[in-house]
1. How long, wide and thick is region 165-288, going by the Cα atoms along their three principal axes, in whole angstroms, largest first?
2. Where the centre of each part is set by its Cα atoms, how far does region 78-123 sit from region 48-62, in angstrom?
3. Quick check on region 30-102: what does the Kirkwood estimate of hydrodynamic radius come out to from the alpha carbon pairs, in Å?
4. What translational diffusion coefficient, to the nearest whole µm²/s, does region 1-47 have by Stokes-Einstein, given a Kirkwood radius computed over alpha-carbon pairs, a temperature of 10 °C and 1.306 mPa s viscosity?
5. Please report the relative contact order for the chain, taking Cα pairs under 8 Å with a sequence separation of at least 6, and give it as a percent rounded to a whole number.
6. So, with +1 on the Cβ of K and R and -1 on the Cβ of D and E, and no other charges, what is the size of the charge dipole of region 1-126 about its Cα centre, to the nearest 20 debye?
7. Going by accessible area, probe 1.4 Å, with all protein chains left in place, what is the ranking of F33, F18, largest first?
8. For N87 and K238, calculate 0.36 nm times their separation in residues minus their Cα-Cα distance, and state this gained length in nm to one decimal.
Amino acid sequence: MEQKVNLKDLTFDELEKFFLNIHQPKYRAKQVFQWLHRGVTDFDQLTNLSKELRHQLKEISYISTLSIAEKYQSKLDGTIKYLLRLNDGNLIESVIMKYKHGISICISTQVGCRMGCNFCASTIGGLVRHLTPGEMIDQVIFLQKDIQDRISNIVLMGIGEPLDNYDNVIKFLKNVNHPAGINIGYRHITLSTSGLVPGIIKLSKENMPITLSVSLHAPNDKIRNTIMPVNRSYNIDKVLEACKIYTEITKRRITFEYAMIAGVNDSAENAEELSTRIKGMLCHVNLIPINKIKEKEYSRSSDKKINTFKAILEKKGISTTVRRELGGDINASCGQLRRGHSEN
């Protein structure tokens, strides 16, 4: 028996072909695409389609949904952390963050992760499977409904490595940007990668003016090898070369994420070395005070260390910020909620 297709997994163009293949006019694609991205959960809600067509769609396709397994709201800053259950029972996480400039959502792109970064809870247990484009957009659709407010910015920085799920992520980006759907501009979307060089090069040619965020987290290969196994495949020189190509093609500034880990990568010498490596690049550095994870021995750098690190980079002319710590009272860093639920 032929497997039913999740209509949210199709791009707008693919949805047009889908309807032509079942001898329906192309304009049906726009009607259905609009319904899907408003959050309908059942074909009977598609009231501008005939009963016959709705019945036909039920036979050959389905509409993915997700449910909220757990939800926590920070008393400190209003950040909302969600543990979400997919149709197959797998769990992922999303976070809603409120800023002056609007509401951001941090979404997951995989169930689990195979990158193995030592300071991250998402990778404990490895990769289970990729998320489909529809499962990614469901996080935006249903959490927007839950908070009853418009999400204006998306960050692909939850559980998973987006460039390890490249084709599905590109489909998601096209769908979430489409004017008939949620219509979030590419410039309001940030994609974070641990440094998969082929994916960075490929992404540079997609003509999508998103913000690329690269998890560097170390000034040299010796340190990066110990905390990020991916560095053995794509070392810092290769990652920075790919980043230069990306900025040359897209004319977009890259953000280097740098987790501040006490005694590992946070010395003044580390800051000097990092500034030498990236000086002159079209880039910005975002220093991240890490959240404590019980399975890991790493702890957050002191404020003094973070501020000294920042001052050294800025003195070298490198734009640097310290990421605002959000949801500290609700385990808002990626993977912690899913891990805790699995243990229980």
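The values are calculated or read from the model by the stated rules, or taken from the named source; none is laboratory data. What you see is a predicted model; the values in this text were computed from it and never measured. Methodologically, a virtual Cβ is constructed for each residue, glycine included, from the backbone with ideal geometry; neighbour enumeration extends over all protein chains shown. These area figures cover heavy atoms from the full protein model, side chains too; ligands, DNA and RNA do not enter into them. Shrake-Rupley method; radii C 1.70, N 1.55, O 1.52, S 1.80 Å.
1. Extents along the principal axes: 50, 26, 25 Å.
2. If we compute the Cα centre of each part, the gap is 33 Å.
3. It is 14.9 Å.
4. 142 µm²/s
5. 16 percent
6. I would put it at about 400 debye.
7. F18, F33
8. 50.5 nm
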